[in-house]
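Single-structure report; data block below.
The values are calculated or read from the model by the stated rules, or taken from the named source; none is laboratory data. All of these numbers come straight from a predicted model, not from anything done at the bench. All Cβ positions, glycine included, derive from the backbone under ideal geometry; neighbour counts span all protein chains shown. Accessible surface areas use protein heavy atoms only, side chains included; no ligands, DNA or RNA. Shrake-Rupley method; radii C 1.70, N 1.55, O 1.52, S 1.80 Å.
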Amino acid sequence: SSFFRRTDVLTVTPWLAPIVWEGTFDPEVIDEAFMSQNLTIATTVFAVGKYTRFLRDFLESAEKHFMVGLDVHYYVFTDLPGDVPDNVTLGVGRLLSIVRVPKFDRWQEISLRRMELIQTAIKDHIHRGANYIFCLDVDMRFHGRVGPEALGRLVAAIHPWFYMDPRSQYPYERRTISTAYIPLDQGDFYYQANIFGGALEDIHRLTKTCREHLEVDKSMGVEAVWQEESHLNWYLLRNKPTKLLSPEYVWDDAKGQDAKEIKLVRFSSVIKNKAEVRENL
Ligand code: GAL
Ligand code: MN
């Protein structure tokens, strides 16, 4: 069998967690190892207000590229169940449930409440029906394989705008008044909250801690610079992820496609007119 390695990028963290890049794994070997395990992957996605417009492309592209061959249970969190497309054909073993959420007035609020809503959903029902959970942003599209190579106990993806920068440049929360505070000389990577996942128990603990910290901040009148993403980064500094996804797994269409270390864009943020889709700026 062929030997997989990359020498142009970091493929393992200082705490020995793999960083998944194209060319570091054999998709056939991975598929063979996972397909017989009968795994169900719960997948949460928030489509609140005008963000429901992203659902069709998100779901159609997920059906082509996301955990193909495994059972996937999408949980679409929305305030507008009638706007969830009902004619997207899902593959065998794949289901979609709608979880009703209140309408929020500010996009920051959606972001802030997401941890709480995921935690509650895991506790109330998801934990019984899944082996792993992935939490994804909806204003995204799949272009390439995101398969079981991405599974692990605690998995996060490296932000596409900061992977070349020193930690002092990461957009962590820098105000000591926030529970998400990270000093300039700390931090491993800057993770983007658009995709994270893992075992149910691990993600329950993560969302619960972030939720509690978000609530403490709120009671102090503080909102972290990148809302739940700031708290995710704080959590992952103290609870090291067991697997990291390279920016292939959380690219940004606004960044173009000419980075030579990116051999394959798998999942990326679509360019959106923020003024049009957000309730506030
Ligand atoms: C942006 C992204 C935001 C946040 C920010 C951090 O590119 O759209 O969601 O991750 O980077 O600086
Ligand atoms: Mn987004």
Of Pro171, Asn194, Thr207, which is farthest on the positive side of the dipole of the stretch 102-240, counting Cα position, with +1 on Lys and Arg Cβ, -1 on Asp and Glu Cβ, and the Cα centre as origin? Thr207
Over 19 Å [Cα-Cα, the stretch 65-221], rounded percent: 62 percent
Rounded to 5, percent antiparallel among DSSP beta bridges of the stretch 1-153: 5 percent
Accessible area (Å², per residue) of the chain, counting only protein heavy atoms and a probe of 1.4 Å: 46 Å²
Helix-only estimate, please: 222 nm mean residue ellipticity of the chain, summing -39500 (n - 2.57) across DSSP H runs of length 4 or more and dividing by its residues, to the nearest 500. -8000 deg cm²/dmol
Find which of Ala42, Leu95, Leu112 sits farthest along the positive direction of the dipole of the stretch 1-118, computed with +1 on the beta-carbon of Lys and Arg, -1 on that of Asp and Glu, about the Cα centre. Leu112
Over the stretch 1-125, what number does the Rg to Rh ratio reach, with both radii from the alpha-carbon atoms and Rh per Kirkwood? 1.05
Where the only charges are on Cβ atoms (+1 Lys, Arg; -1 Asp, Glu), what is the dipole of the stretch 140-281 about its Cα centre, to the nearest 20 debye? 240 debye
Treating the chain as a set of equal point scatterers at the Cα positions, no solvent, please give the Debye-formula log₁₀ I(q)/I(0) at q = 0.07, 0.11, 0.12 Å⁻¹. -0.24, -0.61, -0.73
Check each of the trypsin sites (Lys or Arg not before Pro) in the stretch 127-202 and keep only those in coil by DSSP with at most 13 other C-beta atoms within 10 angstrom; list them in order. Arg175
Rounding to the nearest 20 debye, state how big the charge dipole of the stretch 127-184 is about its Cα centre with +1 on each Lys and Arg Cβ and -1 on each Asp and Glu Cβ. 160 debye
Heavy atoms of Asp202 accessible to a 1.4 Å probe, total area in Å² rounded to 10: 20 Å²
Under a Cβ-only charge scheme (Lys and Arg +1, Asp and Glu -1), can you give me the dipole magnitude of the chain about the Cα centre, in debye to the nearest 20? 320 debye
Extension gain (nm, one decimal) between Thr89 and Arg238, 0.36 nm per residue minus Cα-Cα: 49.6 nm
Averaging 1/r across every pair of distinct alpha carbons in the stretch 158-238 and inverting yields a Kirkwood hydrodynamic radius, in angstrom, of 12.9 Å
Taking the Kirkwood radius as the inverse of the mean 1/r across Cα pairs, report the Rg/Rh of the stretch 108-200. 0.99
